[in-house]
Each structure stands twice: as structure tokens, then as C-alpha cells.
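Participant: Sharing a structure, written as C-alpha cells. Questions coming.
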Amino acid sequence: MIKSMTGFGKSILQLPTKKITIEVKSLNSKNLDLNARIPSQYREKELEMRKTIAKTLVRGKVDFSLYVEVTGEENSTKINEDIVKDYMRQLGSISAYAKQEELELIKMAVRMPDALKTERAEIDEEEFVAITKGLNDALDAIESYRNDEGKALEKDFKIRIENIGELLQKVIKIDPERMESVRERLHKAVSELKEQVDENRFEQELVYYLEKFDITEEKVRLANHLEYFTTTINTKDSNGKKLGFITQEIGREINTIGSKSNYAPMQQLVVQMKDELEKIKEQLLNIL
């Protein structure tokens with residue numbers, strides 16, 4: 001079973017005084033590239049959350065976001081009364097109408113530096129347990145998304161591997177015809193020389209020449225690679241890198257058949273095989 005690296009998961013927690021939204025988005029990448037956006041009060045738990053995400057997603061370009069909306073009476077921002085009163089006193093001393101404009105002075109004072117102070121709230125363990133559960137729920141959602149994407153890609157891979165296999169059978173079928181065509185071209189070229197040729201020596205050279213165009217080994221290896229690709233897809237674990245290596249071997253055999261074919265109908269089949277293989281390679285970039 002294969003798994004895509006593309007996915008999205010979301011979880012919303014409704015706590016007594018907070019609404020917490022957790023989002024995890026993943027795209028394809030060679031390694032794990034995790035970007036986390038979380039409020040400062042949760043930074044001490046960031047490493048723990050990163051480990052949870054890494055263990056589940058393994059690979060991909062991952063964006064993890066944690067949003068907090070205060071819905072109750074909890075508020076970590078307090079007015080620094082002493083500083084605000086001092087600002088008001090100073091502002092009042094330069095205003096002849098301080099008593100009449102006290103409200104305006106307050107508005108001005110609270111905009112001054114350090115008029116407001118933010119108290120760092122300690123993370124409640126029960127709250128973090130809830131956040132951990134929410135994170136796991138989001139990861140479950142993204143894993144489900146990845147599995148569904150993987151099933152669609154697996155179906156497409158099997159169709160394209162089957163297409164390459166069918167094209168290989170056509171190559172095998174026309175191979176004797178190709179070799180006969182090469183033999184006839186050589187005989188014709190020699191006859192046009194209008195020179196007496198030792199038939200035995202000519203046959204020896206012909207056999208040597210035809211051996212250079214023999215694709216028996218390539219046909220066998222290509223069939224084996226196609227079977228290995230299908231077997232790997234059906235294993236329990238997803239392994240995009242391994243499938244990539246197998247695809248490289250498939251491409252190598254197809255290219256060798258193309259370079260040795262020297263026969264237009266077979267070269268056309270090779271082009272079709274290359275087209276199917278390129279589509280597989282493009283989609284493999286998304287496989288975990």
C-alpha cells in the first residue's frame with residue numbers, strides 16, 4: 001500500500017475559556033521540513049509536538065499551525081496602572097484643560113510604551129492533554145487524506161505499469177521481424193557492393209553484428225522490474241524512494257531497447273513506454 005505526502009488535517013477544541021484550532025498541511029519533499037506557527041505561551045511544548053508530528057508524517061513539507069481564541073474571562077494583558085498614571089500626570093502638566101480632558105489623556109496614556117503589560121501564562125497540563133489529543137485528531141485526518149490519495153495513485157501506477165507490460169509484449173512479438181529486417185538490409189548492402197564475398201565469413205560477421213542488436217536480456221530484465229514494481233506497491237509499507245529506484249532501472253532497460261532497436265515500429269513502442277514511465281515518475285514525487 002502506498003501513501004501520498006499530500007494532505008490536510010484540522011481539529012477544533014472548545015475549552016472553558018478558549019477555542020483552539022489546530023491545522024496540519026503536508027506537501028511533497030525529499031525529507032521532513034516542518035514549519036510550526038504557535039503562540040509564545042506554548043513554545044515550551046513545541047519540541048514535544050514536533051516529535052509527535054515527525055513520528056506520524058515521516059516525510060514531507062509540513063505546516064503546523066495552532067490558533068488560540070480567548071472566549072472567556074481569561075486575559076493575559078493587564079494595564080500597568082503606575083505607568084499610565086505617571087503618563088497622565090505628565091500629560092496633564094502640559095495641558096491647561098487637564099480636568100476637562102481626562103478621558104482623552106487616558107486614551108493617549110495607554111498608547112505610550114509599557115502602558116500595557118502581558119503576563120506569561122503557565123500552560124495548564126489538562127489543557128495540554130487536550131491539545132495533544134486535538135493534534136492527534138488532526139494527524140489522523142491528514143493520514144486518512146494521504147491514504148485516500150495513495151489509493152488513487154496506486155490505481156494509476158498499476159494501469160501504467162500494465163500498459164508498459166503490454167507494450168513490452170508487442171516488442172517481443174515484433175523482435176524476430178526486426179532481426180530479419182536488419183539481416184535483409186545487411187545482405188542488400190553487401191550485394192550492392194558488387195564484390196565477391198566469402199559466405200562463411202559473411203555469416204560469421206553477420207552473427208556478430210546481430211548480437212549487438214540482441215535485446216533478449218533487456219526484455220527479461222524489464223519484465224522483472226515491472227513485476228518488482230507491482231510487488232513493492234502491494235507491500236504493507238509505503239516506500240516512494242524504493243519505487244523511484246525501480247523506476248530508474250525500468251527506464252534504463254527501455255532506453256537500451258530503444259538504442260538497440262534500429263527498427264521504426266519498435267522505436268515507436270519504446271516512445272510509448274517512455275511516455276507511460278514519465279507519468280509514473282511525476283506522480284512518484286508525491287509518494288511517501
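Participant: Of the residues L285, L269, L210, which single one is over 28 Å from the mean Cα position of the chain (by Cα), surrounded by fewer than 16 Cβ atoms within 10 Å (Cβ to Cβ) and on the phi < 0 side of the Ramachandran plot?
Facilitator: Every option except L210 fails the conditions.
Participant: Yes or no: I215 open to solvent by less than 10 Å² (accessible area, probe 1.4 Å), modelled with pLDDT under 95 and hydrophobic (A, V, I, L, M, F, W, C)?
Facilitator: Answer is yes for this residue.
Participant: Looking at T21 and the list (1) in contact with a strand residue (DSSP E or B) (Cβ under 9 Å, 6 or more places away or on another chain); (2) touching a residue at least 24 places away in the same chain (Cβ under 8 Å); (3) not in a strand (DSSP E or B), which single condition is not satisfied?
Facilitator: (3)
Participant: Looking at K281, K236, K260, which is the one that is farther than 17 Å from K173 by Cβ, part of a helix (DSSP H, G or I), touching a residue at least 24 places away in the same chain (Cβ under 8 Å) and not polar (S, T, N, Q)?
Facilitator: Result of the check over K281, K236, K260: K281.
Participant: I'd like to check something: does region 1-16 contain any residue that is in contact (Cβ under 8 Å) with a residue 12 or more places away in the chain, part of a strand (DSSP E or B), of a type in the set (K, R) and closer than 30 Å to T231 by Cα?
Facilitator: Checking region 1-16: not a single residue is in contact (Cβ under 8 Å) with a residue 12 or more places away in the chain, part of a strand (DSSP E or B), of a type in the set (K, R) and closer than 30 Å to T231 by Cα.
Participant: Still on this model: Out of all the residues in region 234-241, is one or more open to solvent by less than 40 Å² (accessible area, probe 1.4 Å), within 30 Å of V58 (Cβ to Cβ) and modelled with pLDDT under 95?
Facilitator: yes
Participant: Counting residues that are open to solvent by 40 Å² or more (accessible area, probe 1.4 Å), at pLDDT 90 or above and out of contact with any Cys (no Cβ under 7 Å at 6 or more places or on another chain), which strands (runs of 3 or more DSSP E) fully inside region 28-84 reach at least 1? Reasoning before the result, please.
Facilitator: Working: elements: 32-37, 60-70, 77-79.
Result: 32-37, 60-70.
The values are calculated or read from the model by the stated rules, or taken from the named source; none is laboratory data. Because the structure is a prediction, the values reported are computed rather than measured. Reconstructed Cβ throughout: ideal geometry from the backbone, glycine too, with neighbour counts over all protein chains shown. These accessible areas exclude ligands, DNA and RNA; they are computed on the full protein's heavy atoms, side chains included. Shrake-Rupley method; radii C 1.70, N 1.55, O 1.52, S 1.80 Å.
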